[in-house]
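Written out below as structure tokens is the structure these notes cover.
The values are calculated or read from the model by the stated rules, or taken from the named source; none is laboratory data. Note that this is a predicted model, so its numbers are computed, not measured. Backbone-built Cβ (ideal geometry, glycine too); neighbour counts: all protein chains shown. In case anyone asks, the SASA skips ligands and DNA or RNA and just uses the protein heavy atoms, side chains included. Shrake-Rupley method; radii C 1.70, N 1.55, O 1.52, S 1.80 Å.
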Amino acid sequence: MSIRPIVITGDPVLHTRAQEVSEITPEIETLVADMYETMAAAPGVGLAATQIGVGLRIFVFDWHDGEIHHRGEAINPTLELSPISAEWPDEDTESEGCLSIPGERYPLKRADRAVLRAKNLAGEDFTIEATGWLARIFQHEFDHLDGLLYADRLLKPYQREIKKVIKYEGWGEPGNSWTPGVDYLEP
Ligand code: NI
């Protein structure tokens, strides 16, 4: 297992629809193990394969919801959502971030409920009915597999701000990455 570099916005792999996994091979097992290790080191609550430069439909998640620990891998997932409110998002309770736009957080409305259906590494189908932050994590990671970042979904004023940051940091073009535990990131 190893920690892999996390690709930063601007790299085509993050902005392209990822491909279905056709077979769970030892290479896929290694990939998923590396995704867990990279997510833990970042640290993050979710990580998509595209974020370590692999265009396959897999994400991992790790979220404590009170007593319940949600941790798993979702291979070839589908996601069913409740309607998304058209209200303005709350900066304190609805701001999310992304390891591929490191250090930034912006508010965004998401569906309150999400039903995730996917396969795990054992090839078993599973379903999780998520609410709250877990539902948000699923939506964020699922978007990654469709080549979408949360920046793409932000309301105009926030989108303007994040675009400025991306330009200022010299991101927004191919070839940028950071490695958890190696590169220092300002909190
Ligand atoms: Ni992300």
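Values for this structure:
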quantity	calculated
Segment 82-153-segment 36-65 distance, computed between alpha-carbon centres (Å)	13 Å
Prolate/oblate/rounded label for segment 61-159 (Cα gyration tensor, a/c 1.5)	prolate
Where H64, H70 fall by accessible area, highest first, once all protein chains stay in place (1.4 Å)	H64, H70
Rounded percent of accessible protein surface that carbon and sulfur make up, segment 84-187, 1.4 Å probe	47 percent
Given K109/K164; K119/K156; K109/K167, the pairs whose alpha carbons are separated by over 27 Å	K119/K156
Computed lengthening from K163 to E91, 0.36 nm per intervening residue step minus Cα-Cα distance	24.1 nm
Accessible area per residue, Å², the chain with all protein chains present, probe 1.4 Å	53 Å²
Label-point separation, R17 to E29 (7 Å along Cα→Cβ), nm	3.1 nm
Heavy atoms of V115 accessible to a 1.4 Å probe, total area in Å² rounded to 10	30 Å²
Shape of segment 1-87, Cα gyration tensor, a/c cut at 1.5	rounded
³J(HN,Hα) computed for each position of segment 40-50 - Karplus, 6.51 cos²θ - 1.76 cosθ + 1.60, integer Hz, glycine/proline x	5, 6, 4, x, x, 9, x, 7, 9, 4, 4
Amide hydrogen neighbours beyond the local backbone of L56, cut-off 5 Å, H modeled	Q19, T50
Dipole in debye (nearest 20) - segment 85-187, about Cα centre, beta carbon charges: Lys, Arg +1; Asp, Glu -1	280 debye
Global geometry of the chain, whether rounded, prolate or oblate, following the gyration tensor of its Cα atoms and the 1.5 cut on a/c	oblate
Phi-based couplings in Hz for segment 138-154 (Karplus 6.51, -1.76, 1.60; Gly and Pro marked x)	4, 5, 5, 6, 4, 4, 3, 6, 9, x, 10, 9, 4, 4, 5, 9, 5
